[in-house]
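The values are calculated or read from the model by the stated rules, or taken from the named source; none is laboratory data. Keep in mind that this is a model prediction, so the values were computed, not measured. Methodologically, a virtual Cβ is constructed for each residue, glycine included, from the backbone with ideal geometry; neighbour enumeration extends over all protein chains shown. Accessible surface areas use protein heavy atoms only, side chains included; no ligands, DNA or RNA. Shrake-Rupley method; radii C 1.70, N 1.55, O 1.52, S 1.80 Å.
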Amino acid sequence: MRPFPCMLSAVASATLSGAVGCAVSVEVHVSNGLPGFTIVGLPDAAVREARDRVRAAVLSSGLPWPLRRVTVNLAPSGVRKGGAGLDLPIAIGLLVAAGELSPSFTEGFAFCGELGLNGSLRHVPGMIALADATAAPLGLVVPLCDVREAALVRGEEAHGAANLADLVRVLRGDARWPSTPAPTSASSAPAPPDLSDVRGQALGRRAVEVAAAGRHHLLMIGPPGSGKTMLAERLVGLLPPLTPAEALAVARIHSTAGCALPDGELLERPPFRAPHHQASIVSLTGGGSWSLRPGEVSLATNGILFLDELGEFPVAALEALRQPLEEGAIRVSRAGGTVTFPAAFLLVAAMNPCPCGEGVYEGACSCSVAARARYRRRISAPLLDRFDLVVPLSRPDPDELLSNVPGESSEVVARRVAAARTTGAGHVGAQDLAPDAADLLASKLRAGGLSARGLHKVTRVARTVARLAGADVVSFAHASEALSLRAGRAVVVA
C-alpha cells in the first residue's frame, strides 16, 4: 500500500478582535501517524470544537476523511482566535492537504463561515469587519446568507455558497457561483414617529430641535405623562440621513454584535437604542469573557442612546458613560486583552423629579426629603455636567391635549435642523459672542452658576440657537435661551 504523503496547505481567513477583523492564515498539516485532530494557535472553545463540526460536515458532504494525523495551526499564533467562522477555512485546508482539492483551486480566495453537521454554511457575526481584514485577490467565500453583507465591503469579490459540497464543486470548476439572494422586501425601515403627534410642550419641542441641530446631550425631567418618551422617540426623525461612511460604521458595529442588517443593506436612518433601566454595565458598555462584544453605547454610534427612567439605572453603569461621552469611544479591558469600540452617540435621557414621579410640578409629592435626596444622588454632578440641555417638563394643558390642531411636523423641523448643521461647528471664540452675551456668561461664571465645562456647553448651545435663527453672532437672547435650556439642573441638585 502506498504511504500517504505528508502535505501542508494554507488558507486565508479572518477572526474578530472587538469590532476589527484580523487576518488569519489557517495552516493544515496531514501526515502519517495515529489518527488525531489538533488545533493550535490560541483557539477559544468554539474554535476547538471545530474538529467535530468539520469532520461531520466533510463526511456528510460525501467527501473522504483522512485517517491520518491532522494538525491545524492558526497564524499568527499570538492572536486569540474566536468564533465558529474558522470552520470553513479549516475544512478547505484539510481537503487541500489531503489531496481532495488542488492548491490552485483555492489560491487567491479567503474563506469564512460556520459549518453545520450536514455540511451547510451558516451565518457568522461581524462579516463586514471580517471582509475588511481579508485581502484575497479573487474574493471572499462566505455563507450564502452573508454574501450581501460581505459585498458591502468586497463588492463583486464576495462569493456565497449554501453548503460545503456545492462549494467544492465550484472550486473544482464543475459548477458556477450561485446568484446573490435578492432582498426579502423592497421597503426600507419604517419611518420614525412624527413630531406633530406631540400636543403642547413648546419647551420640550424646542429642546429636541436644539439637540438635533447641535448634537447636544439632552436630559428631560418631568412627571409621568409629560411626554418625555414621545419627544425622545421623535428626535431621530429630525436628524439627517446617515452619510455612506457613517452608515458603513453603523453596519460594522451592528454586524459585530450579531444584529441583522435589513436585507444586508446599509441603514439610512441613525440608530435609536433604548435599553431597559435594569441593563447591566456590560450590556451598556460592552465586554464579555472570551469574545468582547460591543454594548448599547456602541450600537448607538452615529445615532441616539435613549435612557428612560435615568434615575433607576445602576449607578456604576451611569458612571461608565462619562468616558464615551467625552471621547466618542470606549475601551473595554479584560484579562484576554483590550479593545476599543466606537461610541459617538447623542445621549437623550428622561427621569422623574423624585421617586413617586409627581415632584414639585404637581404639588402632590409623597416622597420624604431623604428619599428625594437619595434619588437625586444617583445622578452624579460630573455626569449631570455632561448634559448640554437639562429641561424641566410638566404635564401639558388639557386644552392642548384635546386640540385637533397638529403641531409642527418633523419634516418642517428637520429642514431647519439640516440648515443649522450645514453652517458648520468648530470652536466658539470671543469673536462669536456679542458683548452683552459675553457679559451675561461672565456674570454667571462669577456667581458660580457655571463651571468651565458648563461654559463650554452653554456657548455651544447658544451658537446652535443662533444658527437655527440664521444668525452668525451669538446675541444676548441666544445666550439667555441656552441658559434657560439648562434650568432643569436646579431640580436635580436641589
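Every residue, every condition in (1) crowded, with 23+ Cβ neighbours inside 10 Å; (2) touching a residue at least 12 places away in the same chain (Cβ under 8 Å); (3) closer than 30 Å to P224 by Cα, yes or no:
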{"position": "G108", "(1), (2), (3)": "no, yes, no"}
{"position": "L130", "(1), (2), (3)": "yes, yes, no"}
{"position": "T134", "(1), (2), (3)": "yes, yes, no"}
{"position": "L167", "(1), (2), (3)": "yes, yes, no"}
{"position": "P190", "(1), (2), (3)": "no, no, yes"}
{"position": "R199", "(1), (2), (3)": "no, yes, yes"}
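Within the range 301-326, count every residue that is outside any helix (DSSP H, G or I), open to solvent by less than 20 Å² (accessible area, probe 1.4 Å) and under 27 Å from R80 (Cα atoms).
Of the range 301-326, the ones outside any helix (DSSP H, G or I) are 301-309, 313-314, 320-321.
From what is left, the residues that are open to solvent by less than 20 Å² (accessible area, probe 1.4 Å) are 301, 303-307, 313, 321.
From what's left, under 27 Å from R80 (Cα atoms): 301.
Result for the range 301-326: 1.
Return yes when S13 is open to solvent by 20 Å² or more (accessible area, probe 1.4 Å), under 26 Å from T256 (Cβ atoms) and among the polar types (S, T, N, Q) and no when it is not.
No: the conditions fail for S13.
Collect the residues in the range 465-477 that are open to solvent by less than 40 Å² (accessible area, probe 1.4 Å) and either in contact (Cβ under 8 Å) with a residue 60 or more places away in the chain or in contact with a Lys or Arg (Cβ under 8 Å, 6 or more places away or on another chain) (or both), keeping them in residue-number order.
Answer for the range 465-477, where residues must be open to solvent by less than 40 Å² (accessible area, probe 1.4 Å) and either in contact (Cβ under 8 Å) with a residue 60 or more places away in the chain or in contact with a Lys or Arg (Cβ under 8 Å, 6 or more places away or on another chain) (or both): V465, L468, V474.
Being open to solvent by 30 Å² or more (accessible area, probe 1.4 Å), not hydrophobic (A, V, I, L, M, F, W, C) and not in a helix (DSSP H, G or I) is the filter; apply it to the range 37-55 and report the residue that is nearest to A75 (Cα to Cα).
Ranking the qualifying residues of the range 37-55, first place goes to T38.
Among the candidates V405, V458, single out the residue that is crowded, with 18+ Cβ neighbours inside 10 Å and not hydroxyl-bearing (S, T, Y).
Among V405, V458, only V458 is crowded, with 18+ Cβ neighbours inside 10 Å and not hydroxyl-bearing (S, T, Y).
Kindly indicate whether R206 is open to solvent by 20 Å² or more (accessible area, probe 1.4 Å), modelled with pLDDT of 90 or more and either more than 30 Å from G21 (Cα to Cα) or under 23 Å from the mean Cα position of the chain (by Cα) (or both).
yes
Limited to the range 214-234, what total is found for residues that are open to solvent by less than 10 Å² (accessible area, probe 1.4 Å) and assigned to a helix (DSSP H, G or I)?
Looking only at that region, the number is 2.
Identify the residue in the range 58-90 that is polar (S, T, N, Q) and assigned to a strand (DSSP E or B) and, among all such residues, is farthest from T338 (Cα to Cα).
At the first step, the residues of the range 58-90 found to be polar (S, T, N, Q) are 60-61, 71, 73, 77.
Still in the running and assigned to a strand (DSSP E or B): 71, 73.
Values: T71: 29, N73: 24 Å.
The selected residue is T71.
Go through (1) among the aliphatic types (A, V, I, L, M); (2) open to solvent by 20 Å² or more (accessible area, probe 1.4 Å); (3) closer than 26 Å to L318 by Cβ; (4) in contact with a helix residue (DSSP H, G or I) (Cβ under 6 Å, 6 or more places away or on another chain) for V391 and report which single condition fails.
Only one criterion in (1) among the aliphatic types (A, V, I, L, M); (2) open to solvent by 20 Å² or more (accessible area, probe 1.4 Å); (3) closer than 26 Å to L318 by Cβ; (4) in contact with a helix residue (DSSP H, G or I) (Cβ under 6 Å, 6 or more places away or on another chain) is unmet by V391, namely (2).
Just the residues that are among the small types (G, A, S), on the phi < 0 side of the Ramachandran plot and open to solvent by less than 10 Å² (accessible area, probe 1.4 Å), please, taken from the range 137-157.
Within the range 137-157, just A150 meets the criteria.
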